[in-house]
Amino acid sequence: MTQPETAVAHYLEAFDGIDGIDGGEADRIRELRRAGMDRFVALGFPTMKNEDWHYTSVAPIATRSFDRTSFPSAVPATDLDPFLFDSAEWPRLVFVDGWLVRELSNIPERAGLDVSSLRQALGDGADDVAPLGTIADHEGAGFTALNTALMQDGAVIRIGANVELETPIHLVFVSAQPVPLTASFPRNLVVLERGARASVIESYVGLRDESYLTVPVTEISLGEGARLEHVKVQNESAGAFHVGTIQAVQERDSELHSFSYAAGAELSRTNVYTVLDGPGSSCTLNGMYMVSGVQHVDHQTRIEHAQPNTTSREIYKGILDGRSHGVFNGKVYVRPEAQKTDGKQSNNNLLLSDHARVDTKPQLEIFADDVKCTHGATVGRLDEVALFYMKSRGLDAEQARTLLIYAFAADVLETIQVKQVRDALEAAVFARVRGEELQLTSE
């Protein structure tokens with residue numbers, strides 16, 4: 001067998017060795033897991049011959065055998081402080097090595113809000129986790145199929161009709177295993193019923209520099225008129241590999257505001273997909289990546305306009321230094337029935353070294369004739385004229401460079417509507433530009 005085939009066989013063996021999460025899952029969940037593993041075995045790992053993976057090689061993942069964790073490491077609460085945005089009052093679920101740790105969590109209880117862990121929701125043969133497995137595509141995506149087969153734990157969030165949450169729900173996924181080549185497969189389900197409003201923050205962090213793999217999947221269902229602010233912060237350790245997917249389906253007049261921030265991991269990829277499946281629905285998919293050294297970061301987005309009078313906005317920005325490599329592939333697909341679609345998409349990149357590289361591919365596929373759609377991409381370097389002007393006004397070269405980079409990032413970061421997260425990421429960008437250690441606090 002080739003090395004990737006050996007890795008596939010390794011995960012198949014792992015799947016055969018588990019008996020559900022607790023050995024008591026409902027038949028539908030067992031069938032879902034089996035379907036996921038069957039598809040993963042059939043699909044294998046994606047290669048650069050796959051169009052969507054043309055610029056990203058997963059060989060560092062496919063040629064190694066990562067072991068699914070079976071228990072969480074011990075993590076002192078103080079170790080999480082740098083990643084909590086100084087918001088102790090927020091409801092919080094903390095997962096260590098893929099498993100919920102209640103002692104570190106603050107699970108809310110209020111009318112109209114149901115929050116639990118996936119493991120709890122699936123316990124004792126329960127099957128009240130619809131639409132788990134029906135939104136994320138495990139038929140055509142190998143990593144999603146692998147997650148479906150080996151999913152461990154995660155958050156199940158249900159918000160009732162017309163319920164509005166005043167504070168975000170923070171999901172914190174911590175990798176802390178002291179041994180290399182471990183893997184976790186978090187699976188989240190977020191359901192907002194008609195008219196509900198909420199913010200959900202997902203943070204992925206590593207506490208050690210061991211080589212590990214994280215493959216999370218989040219499924220989102222937005223009912224009529226529902227509104228969700230979703231922010232993902234990927235700040236894994238330097239030796240980590242991270243391949244995550246966020247997939248949503250939206251009903252009439254619903255709104256999804258998504259922001260993806262990626263600064264960690266040796267190799268990372270985040271897929272953000274949504275279907276505007278109701279007239280009047282809208283989405284804003286924004287993001288930023290900031291990498292250096294030999295980091296590789298990949299963002300793939302897909303917005304499917306499936307109904308008339310739907311709107312999408314998208315801005316992704318990248319700042320790349322050293323020999324890092326950034327990839328952006330954004331697709332806007334307009335179905336024939338999606339008349340009056342309004343879509344705008346852009347990807348802008350700032351290269352800080354001669355060796356940094358970006359591959360960007362915004363795409364439009366339009367099958368309706370009454371639409372307004374634009375897209376564009378830029379790759380450039382710091383504006384020498386602006387640098388000269390700022391130095392002529394009394395700033396030294398480093399101050400001028402820092403301010404220009406920060407200004408490039410600031411306008412997209414300002415679209416984050418949760419102030420604590422916005423302030424923390426702005427501070428993190430500023431600190432990283434100045435060569436300081438990244439801290440995700442709001443100060």
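The values are calculated or read from the model by the stated rules, or taken from the named source; none is laboratory data. Only a predicted model underlies this, so the values are computations on that prediction, with no experimental measurement involved. Glycine gets a Cβ as well: all are built from the backbone with ideal geometry, and neighbour counts include every protein chain shown. SASA here: full protein model, heavy atoms, side chains in, ligands and nucleic acids out. Shrake-Rupley method; radii C 1.70, N 1.55, O 1.52, S 1.80 Å.
Below is a table of values for the structure above.
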quantity	calculated
When residues of the stretch 78-110 are limited to those that are at pLDDT 95 or above and of a type in the set (Gly, Ala, Ser), the one nearest to residue 167 (Cα to Cα)	105
Total residues in the stretch 134-157, condition open to solvent by less than 10 Å² (accessible area, probe 1.4 Å), of a type in the set (A, V, I, L, M, F, W, C) and part of a loop (DSSP other than H, G, I, E, B)	2
Residue count for the stretch 346-395, restricted to those that are open to solvent by less than 40 Å² (accessible area, probe 1.4 Å), in a strand (DSSP E or B) and farther than 19 Å from residue 288 by Cα	1
Identity of the residue in the stretch 187-239, closer than 25 Å to residue 290 by Cα and among the basic types (Lys, Arg), that ends up surrounded by the fewest Cβ atoms within 10 Å (Cβ to Cβ)	208
Any hit, the stretch 260-269, residues being touching a helix residue (DSSP H, G or I) at 6+ places or on another chain (Cβ under 6 Å), aromatic (Phe, Trp, Tyr) and either open to solvent by 10 Å² or more (accessible area, probe 1.4 Å) or part of a strand (DSSP E or B) (or both)	yes
Single match in 18, 61 (criterion: among the β-branched types (Val, Ile, Thr) and closer than 21 Å to residue 140 by Cα)	61
Filter result (open to solvent by 10 Å² or more (accessible area, probe 1.4 Å), in a loop (DSSP other than H, G, I, E, B) and either within 18 Å of residue 338 (Cβ to Cβ) or at pLDDT below 95 (or both)) within the stretch 294-308	307, 308
Lone unmet requirement of (1) in contact (Cβ under 8 Å) with a residue 60 or more places away in the chain; (2) within 20 Å of residue 257 (Cα to Cα); (3) of a type in the set (D, E, K, R) for residue 359	(2)
Residue within the stretch 148-166 that is among the hydroxyl-bearing types (Ser, Thr, Tyr) and over 28 Å from residue 29 (Cα atoms) present	no
Subset of the stretch 51-85 (residues that are part of a loop (DSSP other than H, G, I, E, B), surrounded by 13 or more Cβ atoms within 10 Å (Cβ to Cβ) and either at positive phi or not hydroxyl-bearing (Ser, Thr, Tyr) (or both))	54, 58, 64, 66, 72, 75, 84, 85
Odd one out for residue 429 among (1) within 18 Å of residue 321 (Cβ to Cβ); (2) among the aliphatic types (A, V, I, L, M); (3) more than 19 Å from the chain's Cα centre (by Cα); (4) assigned to a helix (DSSP H, G or I)	(3)
Those residues of the stretch 271-289 which are within 27 Å of residue 425 (Cβ to Cβ) and among the aliphatic types (A, V, I, L, M), in sequence order	272, 276, 285, 288
Test set (1) at pLDDT below 95; (2) more than 27 Å from residue 289 (Cβ to Cβ); (3) open to solvent by less than 60 Å² (accessible area, probe 1.4 Å) - residue 404 fails condition number	(2)
Where a residue in the stretch 243-261 is among the acidic types (Asp, Glu) and its partner, wherever it lies, is in a strand (DSSP E or B), with Cβ under 6 Å and at least six apart	255/227; 255/282
Hits in the stretch 21-43 (condition: loosely packed, with under 15 Cβ neighbours inside 10 Å and either within 24 Å of the chain's Cα centre (by Cα) or of a type outside the set (D, E, K, R) (or both))	23, 24, 42
Of all residues in the stretch 323-345 being charged (D, E, K, R) and in contact with a Cys (Cβ under 9 Å, 6 or more places away or on another chain), the one that is least open to solvent (accessible area, probe 1.4 Å)	342
